[in-house]
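Working notes, beginning with the structure itself.
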Amino acid sequence: MTRRTAFRVGVVLIIALLTLGTSLLYTGKFGLVIAADCLAGLGLIVALAAVPRGPREPAARRPHRAWAWPNWAWFRRRQAPARAVQAADFPRYTKISSDLGWAPVSQWHYDHGVRPLLARLVESVLLDHHRVDAVADPARARRLVGDEIWPLVDPSRPPSFDTKAPGADLRTLARIVDRLEHL
């Protein structure tokens, strides 16, 4: 080891010991551990930088180059801005929203748009939570749902073709949904 290298090692050791001593004095054992970790990390970085690189292969002998750079292209590319959510992205939601808007217009609109959906929900809730088949046991289903709501969601009732009679207003629909939530 040359004099110059020995001097550098001595200076680094003195700086490291001063750093550790100062951190122990001011922050205690915890600070000593943190400072030691930082010095160890710095030592690893210096050691890695000091390792000599091997001879480089000619470009023709590096086959990984052919496939590596195209795969990294996604990393260099800028992200396109996210597309805004459109109602057309959710056609079922759009249909349900439209049916709910038309439900108060007439009994025909309610019976052909919203009632089949509510009837399926009632059947599902009664079967899942109470083990009652609304079609096979309508009397028990009627007791569970309630006499005022059952005619509006009865799955066995035939649909109306009356376009003059009013449909279910939004308050009635809200009551039906509340009742479904409490089942």
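Here are the numbers for the structure shown:
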| item | result |
| --- | --- |
| Among (1) assigned to a helix (DSSP H, G or I); (2) among the charged types (D, E, K, R); (3) closer than 20 Å to residue 124 by Cα - the single one residue 171 does not satisfy | (3) |
| Residue within segment 37-60 that is of a type in the set (D, E, K, R), at pLDDT below 80 and more than 30 Å from residue 13 (Cα to Cα) present | yes |
| Those residues of segment 1-20 which are over 56 Å from the mean Cα position of the chain (by Cα) and not basic (Lys, Arg), in sequence order | 1, 2, 5, 6, 7 |
| Filter result for residue 154 (among the acidic types (Asp, Glu), out of contact with any Lys or Arg (no Cβ under 6 Å at 6 or more places or on another chain) and modelled with pLDDT of 90 or more) | yes |
| Given (1) within 16 Å of residue 96 (Cα to Cα); (2) without any contact (Cβ under 8 Å) to a residue 24 or more places away in the chain, number of the condition residue 128 does not satisfy | (1) |
| Enumeration of residues in segment 105-115 that are in contact (Cβ under 8 Å) with a residue 40 or more places away in the chain and either surrounded by 14 or more Cβ atoms within 10 Å (Cβ to Cβ) or touching a His at 6+ places or on another chain (Cβ under 7 Å) (or both) | 106, 107, 108, 109, 110, 111, 112, 114, 115 |
| Total residues in segment 131-170, condition hydrophobic (A, V, I, L, M, F, W, C), in contact (Cβ under 8 Å) with a residue 24 or more places away in the chain, exposed (fewer than 13 other Cβ atoms within 10 Å of the Cβ) and over 17 Å from residue 116 (Cβ atoms) | 2 |
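The values are calculated or read from the model by the stated rules, or taken from the named source; none is laboratory data. Because the structure is predicted, anything quoted here is derived from the model rather than measured. Because the Cβ atoms are built from the backbone with ideal geometry, glycine has one as well, and the counts that use them run over all protein chains shown.
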